Each structure stands twice: as structure tokens, then as C-alpha cells.
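The next block holds one structure in the form of C-alpha cells; read it before the comments.
The values are calculated or read from the model by the stated rules, or taken from the named source; none is laboratory data. Small disclaimer: the values here were computed from a predicted structure and weren't measured. Accessible surface areas use protein heavy atoms only, side chains included; no ligands, DNA or RNA. Shrake-Rupley method; radii C 1.70, N 1.55, O 1.52, S 1.80 Å.
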Amino acid sequence: MPASLGPAFLITALNIRCRDFRYVIPFILQSGLSISPIGFSSAIVPDRWRFWYSLNSMVGIIDGFRWCVLGGGSPLYRPGFLLRLAVVALFLWLGIRYFRRTEHSVADLI
């Protein structure tokens, strides 16, 4: 839940402040889903790109589901897992901070 709560606060505040941001959101989601490992395993990503590939939050979710279903046959990439935890904490902090800063003007903008 915290993984989606931070970006939700951030997107909500940006959507209220910048009306055109609603047209950018589907593009960002579509781009993120097209590079997610649904039809292929994350193990085929070269090691030099694996850490940066782990920035996609769906990589951890899909790999974790694959690990549960296949009984641990697909090993988790631990540096990527720790990176995703840090990214979730960062987005949660940024989202709450930005939303709290802009919430007093929400009624005026709507």
C-alpha cells in the first residue's frame, strides 16, 4: 500500500495544480507496463542493466509473484529489492510532503 500511496498523493496534487497533467499519466503508465517482465523473465536482463531495470516497481511485484508460484525457482535480485524499498520510501515522503504543502490551496483551485 505505501508503494501506491506516495505516487497517488503526488499525482493528485499535480493533477489539481496542473490541469494538463491528466494527459501525461496514461502515457507514463503505458510506458512502465511495456517494460515490465510479464512475457519474459527478469533473469534475461544483462547484469550491467539489472540494477537500473529494478527501478520499475512492477519488476519486483511480478518477480515476487513468479517466485511464489514457482516455489522459489526464480531467485529474487536482492540489490533491486533494496533499491525498490528505498524508492517506495522516497516517493512516500515526497508525495506526502508535496500534498501537505499544496492542500491549503486545493479548494481555491477546484
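Brief remarks on what is shown
- Heavy-atom accessible surface of W67, to the nearest 10 Å², is about 110 Å², with a 1.4 Å probe and all protein chains retained.
- The long axis of helix 57-69 is offset from the longest Cα principal axis of the chain by roughly 40 degrees.
- Shown for the chain: the carbon plus sulfur share of the solvent-accessible area, taken with all protein chains present and a 1.4 angstrom probe, equals 70%.
- Residues in the chain average 73 Å² of solvent-accessible surface per residue, probe 1.4 Å, ligands and nucleic acids excluded.
- Taking Y53, Y77, Y23 in turn, the Gaussian network model of the chain (Cα-Cα springs below 10 Å) assigns the largest fluctuation to Y23.
- Segment T102..L82, full-extension length gain: 4.2 nm, with 0.36 nm per residue of separation and the alpha-carbon distance subtracted.
- Solvent-accessible surface (1.4 Å probe) assigned to D47 amounts to roughly 130 Å².
- With every protein chain in place and a 1.4 angstrom probe, the accessible-area ranking of C18, C68, largest first, reads C68, C18.
- Rounded to 10°, Cα long-axis angle of helix 25-34 versus longest principal axis of the chain: 0 degrees
- Between the helical axis of 2-17 and the longest alpha-carbon principal axis of the chain there is an angle of about 30 degrees.
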